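*Asks:* There's a structure below that I have some questions on.
The values are calculated or read from the model by the stated rules, or taken from the named source; none is laboratory data. The structure presented is a predicted model; accordingly, all values stated were derived computationally and were not measured. All Cβ positions, even for glycine, are placed from backbone atoms using ideal geometry, and neighbour counts span all protein chains on display.
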Amino acid sequence: MQVCLCCHSFPGASIAVLHREALVALKAFGTFTSETGAPAVTESSIFDLASVTKVIATTTAAMILYERGMLDLEAPVSSILPEFAGADLRRNAVTVRMLLAHSSGLPAYEKLFLKYHTSKELLEAALSVPLVAEPGIHAQYSDIGFIILSKLLERIADQPLDRFCQREIFGPLGMVRTTFNPPASWKPGIVPTADDRIFRNRIIQGEVQDENASVLGGVAGHAGLFSTAQDLAIFANVMLHQGQPLILPATLSLFTRLETTPAGTSRALGWDTPSPPSQAGRYFSPHSFGHLGYTGASLWIDAEKKIAIVLLTNRTWPDCSNQKIKQVRPAFHDAVMEAMSSW
């Protein structure tokens, strides 16, 4: 980590490592920004998780609703969200499973925030984004798909995603520093993600970095969650315990199992799996699962080796041009796994 700071891979980072149910490392490195006099990152510093939101919040909510018999993975999205249907009849073939597995045919990303400036407008636009591929044929990681998925889950649960997650996930697990839209009192402890001089024209600290999620009010299925390395370690420990007490082992197994279609996909349901060359590095077992976040966050869990690794950074400071995190992640994961091999 010190080498990464010297190489300006990111200003600050926080890590957590779990092994055999024990938290064996919880450390912080660097500062909030690269400016002189910036506050030091601490073990309790809060980070924008970006797309790690997809698994901690959205996918976990889906697992809970599935287990309660409220979510049918094979149901057409349009049967739950009629507004998803359109003139393109292929949309009727898109299922909940396809949204989770990123095989819906929806595009990866659209800069909807440039045209739509309210949550209602942007959500309506997301629901009508055209397909770019046949449903179920091609794996294409899609933020748009998870924006739609979160709306679908809210419709089924009859409550907003943030409220459901607080009541069903964060509260019961004691994840006291995990939330969407952190209160103003938390701001001094939140690591900034960007000096936004294009869209919002301010330092982004304590509000979601992702622009589409920002217009959606800070609560979205693809991004928006804030947390600490320690809170994510709590979550990871539950996953190492086969999902208990949150969900049943069979549910976790179903959602973290590599999908067999489309051919060549690395995706499970909501989760990703390691596939060479992987940001997880060389040592995570084939049945491991995890996810990355655009801001420089990641979580990888290996139930076979009983290891979980949390890496939180603000590599997007001051802007998104720094791509060194792509080399940092696998090297960091490999270093931890090599150190743990003798335990």
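*Asks:* If you go through the range 204-218 one residue at a time, do you hit one that is surrounded by fewer than 19 Cβ atoms within 10 Å (Cβ to Cβ), more than 14 Å from VAL55 (Cα to Cα) and among the small types (Gly, Ala, Ser)? Show your work before the answer.
*Replies:* Start the filter on the range 204-218 by keeping residues that are surrounded by fewer than 19 Cβ atoms within 10 Å (Cβ to Cβ), which leaves 217.
Adding the requirement that they be more than 14 Å from VAL55 (Cα to Cα) leaves 217.
So of that shortlist, the ones also among the small types (Gly, Ala, Ser) come out as 217.
For the range 204-218, residues surrounded by fewer than 19 Cβ atoms within 10 Å (Cβ to Cβ), more than 14 Å from VAL55 (Cα to Cα) and among the small types (Gly, Ala, Ser): present.
*Asks:* Report, by residue number, each residue of the range 31-66 that is assigned to a loop (DSSP other than H, G, I, E, B) and of a type in the set (Gly, Ala, Ser).
*Replies:* To start, the set of residues in the range 31-66 that are assigned to a loop (DSSP other than H, G, I, E, B) comprises 32-39, 41-45, 49.
Answer for the range 31-66, where residues must be assigned to a loop (DSSP other than H, G, I, E, B) and of a type in the set (Gly, Ala, Ser): SER34, GLY37, ALA38, SER44, SER45.
*Asks:* Sticking with this one: Could you say whether any residue in the range 298-311 is in contact with a strand residue (DSSP E or B) (Cβ under 6 Å, 6 or more places away or on another chain) and surrounded by fewer than 23 Cβ atoms within 10 Å (Cβ to Cβ)? Working first, answer last.
*Replies:* Start the filter on the range 298-311 by keeping residues that are in contact with a strand residue (DSSP E or B) (Cβ under 6 Å, 6 or more places away or on another chain), which leaves 298-301, 307-311.
From what is left, the residues that are surrounded by fewer than 23 Cβ atoms within 10 Å (Cβ to Cβ) are none.
So far as the range 298-311 goes, no, none of its residues is in contact with a strand residue (DSSP E or B) (Cβ under 6 Å, 6 or more places away or on another chain) and surrounded by fewer than 23 Cβ atoms within 10 Å (Cβ to Cβ).
*Asks:* Looking only at residues that are of a type outside the set (Phe, Trp, Tyr) and in contact with a strand residue (DSSP E or B) (Cβ under 8 Å, 6 or more places away or on another chain) in the range 272-286, which one is farthest from MET340 (Cα to Cα)?
*Replies:* Of everything passing the filter in the range 272-286, ASP272 is farthest from MET340 (Cα to Cα).
Here is a yes/no grid of residues against (1) part of a helix (DSSP H, G or I); (2) in contact with a helix residue (DSSP H, G or I) (Cβ under 9 Å, 6 or more places away or on another chain); (3) of a type outside the set (Gly, Ala, Ser):
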residue	(1), (2), (3)
ARG155	yes, yes, yes
ARG167	yes, no, yes
VAL176	no, yes, yes
ASP195	no, no, yes
PHE199	no, yes, yes
SER214	yes, yes, no
VAL219	no, yes, yes
ALA223	no, yes, no
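*Asks:* Please work out if LEU122 is closer than 17 Å to VAL219 by Cβ and under 19 Å from the mean Cα position of the chain (by Cα). Break it down into steps so the answer makes sense when it comes.
*Replies:* Numbers: closer than 17 Å to VAL219 by Cβ: yes; under 19 Å from the mean Cα position of the chain (by Cα): no.
For LEU122, the condition - closer than 17 Å to VAL219 by Cβ and under 19 Å from the mean Cα position of the chain (by Cα) - is not met.
*Asks:* Same structure again: Restricting the range 55-103 to residues that are acidic (Asp, Glu) and within 16 Å of ARG155 (Cα to Cα), which is surrounded by the fewest Cβ atoms within 10 Å (Cβ to Cβ)?
*Replies:* Taking the range 55-103 as the starting set, the residues that turn out to be acidic (Asp, Glu) are 67, 72, 74, 83, 88.
Pick out the ones that are also within 16 Å of ARG155 (Cα to Cα) and you get 72, 83.
Numbers: ASP72: 15, GLU83: 13.
Across the range 55-103, the extreme among qualifying residues is GLU83.
*Asks:* Does the range 166-178 include one or more residues that are touching a residue at least 60 places away in the same chain (Cβ under 8 Å) and closer than 14 Å to ASP48 by Cβ?
*Replies:* yes
Condition check ((1) of a type outside the set (Ser, Thr, Tyr); (2) more than 23 Å from LEU49 (Cα to Cα); (3) free of Cβ contacts under 8 Å to residues at least 60 places away in the same chain) across all residues:
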{"position": "GLU259", "(1), (2), (3)": "yes, yes, no"}
{"position": "SER275", "(1), (2), (3)": "no, no, yes"}
{"position": "PHE284", "(1), (2), (3)": "yes, no, yes"}
{"position": "SER288", "(1), (2), (3)": "no, no, yes"}
{"position": "VAL310", "(1), (2), (3)": "yes, no, no"}
{"position": "LYS324", "(1), (2), (3)": "yes, no, no"}
{"position": "VAL328", "(1), (2), (3)": "yes, no, no"}
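*Asks:* Would you point out which residue out of ALA125, ALA108, ALA133 is without any contact (Cβ under 8 Å) to a residue 40 or more places away in the chain, assigned to a loop (DSSP other than H, G, I, E, B) and farther than 14 Å from ASP210 by Cβ?
*Replies:* Details: ALA125 fails: assigned to a loop (DSSP other than H, G, I, E, B); ALA108 fails: farther than 14 Å from ASP210 by Cβ.
Every option except ALA133 fails the conditions.
*Asks:* Okay, next question. One residue is enough: does the range 315-337 have a residue meeting the conditions closer than 27 Å to ARG167 by Cβ and buried (at least 22 other Cβ atoms within 10 Å of the Cβ)? Write out each step before concluding.
*Replies:* Of the residues in the range 315-337, the ones closer than 27 Å to ARG167 by Cβ are none.
Scanning the range 315-337, I find no residue that is closer than 27 Å to ARG167 by Cβ and buried (at least 22 other Cβ atoms within 10 Å of the Cβ), so the answer is no.
*Asks:* Something else about it: Which one of these does LEU292 not meet: (1) farther than 30 Å from GLU207 by Cβ; (2) in a strand (DSSP E or B)?
*Replies:* (1)
*Asks:* Regarding the range 231-239, can at least one residue be identified that is touching a residue at least 40 places away in the same chain (Cβ under 8 Å) and surrounded by fewer than 19 Cβ atoms within 10 Å (Cβ to Cβ)?
*Replies:* yes
*Asks:* Within the range 173-182, identify whether any single residue is within 30 Å of LEU89 (Cα to Cα), hydroxyl-bearing (Ser, Thr, Tyr), within 14 Å of the chain's Cα centre (by Cα) and crowded, with 22+ Cβ neighbours inside 10 Å, and answer yes or no. Before the answer, list the steps.
*Replies:* If we filter the range 173-182 for residues that are within 30 Å of LEU89 (Cα to Cα), which is where we start, we get none.
The answer is no; no qualifying residue exists.
*Asks:* OK, next. When you go through (1) free of Cβ contacts under 8 Å to residues at least 24 places away in the same chain; (2) closer than 24 Å to MET98 by Cβ one by one for PRO249, which number turns out not to apply?
*Replies:* The number of the failed condition is (2).
*Asks:* Then there is this: Suppose we keep only residues that are aliphatic (A, V, I, L, M) and over 20 Å from the mean Cα position of the chain (by Cα) within the range 27-49. Which one would you say is surrounded by the most Cβ atoms within 10 Å (Cβ to Cβ)? Walk me through it before giving the result.
*Replies:* Going residue by residue through the range 27-49, those that are aliphatic (A, V, I, L, M) are 28, 38, 40-41, 46, 49.
Checking which are over 20 Å from the mean Cα position of the chain (by Cα) leaves us with 28, 38, 40-41.
Working: ALA28: 20, ALA38: 16, ALA40: 11, VAL41: 25.
Per the stated criteria, the residue is VAL41.
*Asks:* Also: Among the residues of the range 1-29, which ones are closer than 25 Å to PRO183 by Cβ and either at pLDDT below 95 or in contact with a Phe, Trp or Tyr (Cβ under 9 Å, 6 or more places away or on another chain) (or both)?
*Replies:* Of the residues in the range 1-29, the ones closer than 25 Å to PRO183 by Cβ are 11-14, 16, 26, 28.
Scanning the range 1-29 gives PRO11, GLY12, ALA13, SER14.
*Asks:* List every residue pair whose Cβ atoms lie under 7 Å apart, where the two residues are 6 or more positions apart in sequence or sit on different chains, the first residue falls within the range 60-77 and is free of Cβ contacts under 8 Å to residues at least 40 places away in the same chain, and the second residue, located anywhere, is crowded, with 18+ Cβ neighbours inside 10 Å and of a type outside the set (Lys, Arg).
*Replies:* Cβ pairs passing all conditions: ASP72/VAL96; GLU74/THR95; ALA75/THR95; ALA75/VAL96; PRO76/VAL94; PRO76/THR95.
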